């Protein structure tokens, strides 16, 4: 399993945690992704949360 696959799996877990209202787990998983990505981010930190290229903007 590559780190890219692992990051995608964690992003899916984050999505599910937010859907279930488990914000503490989601924040912990987001910290884990930041650690895995290091300084080279796939997405800008200022952009809305996105999964698989789909952007979800809070209204």
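Values for this structure:
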| read-out | value |
| --- | --- |
| Evaluation of residue 21 against (1) at pLDDT below 85; (2) exposed (fewer than 12 other Cβ atoms within 10 Å of the Cβ) (one fails), failing number | (1) |
| Residue in region 33-54 that is modelled with the highest pLDDT, counting only those that are assigned to a strand (DSSP E or B) and either under 12 Å from the mean Cα position of the chain (by Cα) or under 17 Å from residue 6 (Cβ atoms) (or both) | 51 |
| Sole residue being touching a strand residue (DSSP E or B) at 6+ places or on another chain (Cβ under 6 Å), modelled with pLDDT of 60 or more and surrounded by 10 or more Cβ atoms within 10 Å (Cβ to Cβ), chosen from 11, 30 | 11 |
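The values are calculated or read from the model by the stated rules, or taken from the named source; none is laboratory data. Keep in mind that this is a model prediction, so the values were computed, not measured. All Cβ positions, glycine included, derive from the backbone under ideal geometry; neighbour counts span all protein chains shown.
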